[in-house]
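The next block holds one structure in the form of structure tokens; read it before the comments.
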Amino acid sequence: MVWISLILVSLPLVFYWLWPKKGNLKVKNETKEYNLYKSFSKTNEIQRIETVVYFEAGSSQLFAKDLIQWKEWITPYLLRTLDSILLIGSADTTGNVSKNRRLVKERVQTIRQSLLSLGVKPEIISSQCLEPIPGRTAKERERFRSVVVQVNILG
């Protein structure tokens, strides 16, 4: 009887240990950590600049000072010849999954609208909305509430 109860208790722990974990977002990039200001990588004649815009939990709006910082960062690059802009939105899994999916789309749309207000042509902006990503720590969850902006510049 003791052996049966021991097996029944330990079996879920073994499955949990063997089950693949989904929480690790692995992005193959030359930079290991995102920086709000800039990171460069040159490929042939296209220069890629990447930044991350972070959002508060449960919100898709930027604070006024964050919006000003974002516009100051992107403006010098808009004066050059843009090839494409890719927006990659993500969220953490805290709360309702459908609400988090909606937040990802709204966050991408917020950045898209700010780019359009700065005069960027809508046909060069593409977006990708990731599924909500579970974070194990508060710092990880904070990093997942973001939109990655990749700007490809010709020349």
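The values are calculated or read from the model by the stated rules, or taken from the named source; none is laboratory data. This one's a predicted model, so the numbers in the text were calculated from it and none came from an experiment. Cβ sites come from the backbone with ideal geometry, for glycine too, and all protein chains shown count toward neighbours.
If you check T137 against the conditions, is it among the hydroxyl-bearing types (S, T, Y), at pLDDT below 90 and farther than 27 Å from L154 by Cβ? If you could, list the steps in order and put the result at the bottom.
Values: among the hydroxyl-bearing types (S, T, Y): yes; at pLDDT below 90: yes; farther than 27 Å from L154 by Cβ: yes.
Against the criterion (among the hydroxyl-bearing types (S, T, Y), at pLDDT below 90 and farther than 27 Å from L154 by Cβ), T137 qualifies.
Could you identify the single residue in Q61, Q69, Q128, Q150 that is assigned to a helix (DSSP H, G or I) and of a type outside the set (V, I, T)?
Testing whether each residue is assigned to a helix (DSSP H, G or I) and of a type outside the set (V, I, T) leaves just Q69.
Can you name the residue in the stretch 44-73 that is among the charged types (D, E, K, R) and surrounded by fewer than 18 Cβ atoms within 10 Å (Cβ to Cβ) and, of all such residues, is nearest to I133 (Cα to Cα)?
Residues of the stretch 44-73 that are among the charged types (D, E, K, R), as a first pass: 45, 48, 50, 56, 65-66, 71-72.
Now restrict to residues that are surrounded by fewer than 18 Cβ atoms within 10 Å (Cβ to Cβ): 45, 56, 65-66, 71-72.
Details: E45: 34, E56: 15, K65: 27, D66: 23, K71: 27, E72: 29 Å.
Among those that are among the charged types (D, E, K, R) and surrounded by fewer than 18 Cβ atoms within 10 Å (Cβ to Cβ), it is E56.
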Given the residues R102, R141, R136, R107, which is the only one that is of a type in the set (K, R) and assigned to a loop (DSSP other than H, G, I, E, B)?
-> R136
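Looking for something farther than 19 Å from V120 by Cβ, acidic (D, E), within 13 Å of the chain's Cα centre (by Cα) and at pLDDT 85 or above - is there at least one such residue anywhere in the stretch 21-34?
Applying the first criterion (farther than 19 Å from V120 by Cβ) to the stretch 21-34 yields 21-34.
Retained after the next criterion (residues that are acidic (D, E)): 30, 33.
Checking which are within 13 Å of the chain's Cα centre (by Cα) leaves us with 33.
Filter once more, keeping what is at pLDDT 85 or above: none.
No - not one qualifying residue is present in the stretch 21-34.
Can you name every residue in the stretch 122-148 that is β-branched (V, I, T) and within 13 Å of L82 (Cα to Cα)? Walk me through it before giving the result.
Kept after step one, since they are β-branched (V, I, T), are these residues of the stretch 122-148: 124-125, 133, 137, 147-148.
I124, I125, listed by residue number.
In this structure, does R112 turn out to be at pLDDT below 85 and either closer than 30 Å to E45 by Cβ or touching a Lys or Arg at 6+ places or on another chain (Cβ under 6 Å) (or both)? First the steps, then the outcome.
Details: at pLDDT below 85: no; either closer than 30 Å to E45 by Cβ or touching a Lys or Arg at 6+ places or on another chain (Cβ under 6 Å) (or both): yes.
It is false that R112 is at pLDDT below 85 and either closer than 30 Å to E45 by Cβ or touching a Lys or Arg at 6+ places or on another chain (Cβ under 6 Å) (or both).
Per-residue answers, yes or no, for (1) aromatic (F, W, Y); (2) surrounded by fewer than 12 Cβ atoms within 10 Å (Cβ to Cβ); (3) in contact with a helix residue (DSSP H, G or I) (Cβ under 8 Å, 6 or more places away or on another chain):
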{"position": "T75", "(1), (2), (3)": "no, yes, no"}
{"position": "R80", "(1), (2), (3)": "no, no, no"}
{"position": "S84", "(1), (2), (3)": "no, no, yes"}
{"position": "S98", "(1), (2), (3)": "no, yes, no"}
{"position": "V120", "(1), (2), (3)": "no, no, yes"}
{"position": "I124", "(1), (2), (3)": "no, no, no"}
{"position": "I133", "(1), (2), (3)": "no, no, yes"}
{"position": "R136", "(1), (2), (3)": "no, yes, no"}
{"position": "V148", "(1), (2), (3)": "no, no, no"}
Total residues in the stretch 111-125, condition more than 12 Å from Y54 (Cα to Cα), touching a residue at least 12 places away in the same chain (Cβ under 8 Å) and assigned to a helix (DSSP H, G or I) | 4
